[in-house]
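Shown next, in structure tokens, is the structure this report addresses.
The values are calculated or read from the model by the stated rules, or taken from the named source; none is laboratory data. Bear in mind the structure is a predicted one, so any value in this text is a computation, not a measurement. Don't worry about glycine lacking a Cβ; one is built from the backbone with ideal geometry, like all the others, and counts go over all protein chains shown. Surface accessibility is based on the protein's heavy atoms, side chains included, excluding ligands, DNA and RNA. Shrake-Rupley method; radii C 1.70, N 1.55, O 1.52, S 1.80 Å.
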There are 2 protein chains.
Amino acid sequence: MGKQMTEMLKGTLEGLVLAILAVRSAYGYEITARLREQGFSDIAEGTVYAVLVRFEQKGLVDVEKVPSEKGPPRKVYTLNPAGQQYLDEFWTSWRFLTAQLEKLHEGGS
Amino acid sequence: MGKQMTEMLKGTLEGLVLAILAVRSAYGYEITARLREQGFSDIAEGTVYAVLVRFEQKGLVDVEKVPSEKGPPRKVYTLNPAGQQYLDEFWTSWRFLTAQLEKLHEGGS
DNA sequence: ACTGGTAGATAGTAACACTGAATAGCGGTC
DNA sequence: GACCGCTATTCAGTGTTACTATCTACCAGT
């Protein structure tokens with residue numbers, strides 16, 4: 001995908017995953033697959049799990065272990081109020097950044 | 001400004017500075033000041049210089065030393081073709097990311 | 001001399017995504 | 001029943017990045 005995207009994902013991957021969880025609860029493997037479908041073709045397996053561990057440590061999600069028919073038990077993550085607030089803050093920062101970049105993009109081309 | 005913005009800037013600050021240089025040539029102190037005016041209230045002094053050094057090492061900019069009336073000589077940075085191409089790639093990645101997040105934002109609120 | 005504003009450089013730190021590998025359960029095939 | 005492929009999670013190590021804090025340096029006005 002290119003190095004630019006890799007660096008750009010720092011700080012936005014968290015928001016991306018939170019946004020996915022805001023739509024509905026999900027587990028790691030599922031989230032990774034969904035990101036891949038949406039065009040983030042080479043997001044590493046392990047990367048998403050690291051994000052989820054951080055969310056759990058920060059108390060942004062509730063975790064539930066659910067047995068799977070096909071493989072080891074899944075850890076299903078659900079956004080809690082703290083996570084929703086964190087996501088709101090993310091959107092605020094994101095909109096600000098978008099607005100500033102938009103301004104420069106118009107002026108500079 | 002909040003930790004979210006700090007992490008979000010990793011990968012976008014480069015594009016931000018490149019976009020500023022695309023409008024017109026500038027030197028470090030000037031770029032920092034302009035960013036501050038545009039609402040990036042606490043971007044550290046040194047941070048921009050580090051970005052500019054990276055640009056120079058990657059060959060994205062041309063550098064010219066210009067004596068200043070008020071202080072030590074300025075290093076004026078000008079975007080070269082390689083830098084312009086790098087900036088184009090940045091915009092491509094950015095637009096992609098924006099599109100995906102927009103999709104999630106609509107579906108998840 | 002001293003202060004304040006301008007201008008740049010640098011060593012050390014923390015956070016984050018990636019790489020690569022390991023572990024583990026289940027279904028199907030040979 | 002041994003192997004393979006798919007599902008699912010975990011973890012140690014690496015590179016990149018922005019921040020912090022500090023230092024050097026030049027000039028103007030007091």
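Side notes on the structure shown:
- The C-beta contact set for segment B:21-41 (first residue free of Cβ contacts under 8 Å to residues at least 12 places away in the same chain, second residue of a type in the set (S, T, N, Q) and more than 9 Å from DNA strand C (Cβ to nearest atom), distance under 9 angstrom, 6+ apart or interchain) comprises B:24/B:78; B:38/A:100; B:39/A:100.
- Residue match in segment B:39-58 (condition: at the interface with chain A (Cβ under 10 Å from one of its Cβ atoms) and modelled with pLDDT under 95): yes
- Only one of the listed residues (B:55, B:40) is within 12 Å of the chain's Cα centre (by Cα) and in a loop (DSSP other than H, G, I, E, B). That residue is B:40.
- The residue list A:63, A:76, A:48 contains one member that is within 11 Å of DNA strand D (Cβ to nearest atom), open to solvent by 50 Å² or more (accessible area, probe 1.4 Å), of a type outside the set (D, E, K, R) and more than 18 Å from residue B:99 (Cβ to Cβ), which is A:63.
- Counting the residues of segment B:1-15 that are touching a helix residue (DSSP H, G or I) at 6+ places or on another chain (Cβ under 7 Å) and more than 8 Å from DNA strand D (Cβ to nearest atom) gives 4.
- Residue count for segment A:1-15, restricted to those that are more than 7 Å from every other protein chain (Cβ to nearest Cβ) and not in a helix (DSSP H, G or I): 1
- Hits in segment A:43-73 - residues which are more than 11 Å from DNA strand C (Cβ to nearest atom) and farther than 23 Å from residue B:9 by Cα: A:56, A:59, A:61, A:62, A:63, A:64, A:65, A:66
- When residue B:33 is tested against (1) outside any loop (DSSP other than H, G, I, E, B); (2) over 19 Å from residue B:82 (Cβ atoms); (3) within 12 Å of the chain's Cα centre (by Cα), exactly one condition is not met: (3).
This table checks each residue for (1) part of a strand (DSSP E or B); (2) touching an Asp or Glu at 6+ places or on another chain (Cβ under 9 Å).
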position: A:63; (1), (2): yes, yes
position: A:83; (1), (2): no, yes
position: A:91; (1), (2): no, no
position: A:95; (1), (2): no, no
position: A:106; (1), (2): no, no
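- Of A:14, A:89, all but one fail to be near DNA strand C (Cβ under 8 Å from one of its atoms), at pLDDT 95 or above, among the charged types (D, E, K, R) and closer than 16 Å to residue B:3 by Cβ; the exception is A:14.
- Residues satisfying the stated conditions in segment B:1-32, i.e. over 24 Å from residue A:9 (Cβ atoms) and open to solvent by less than 40 Å² (accessible area, probe 1.4 Å): B:26, B:28, B:31, B:32
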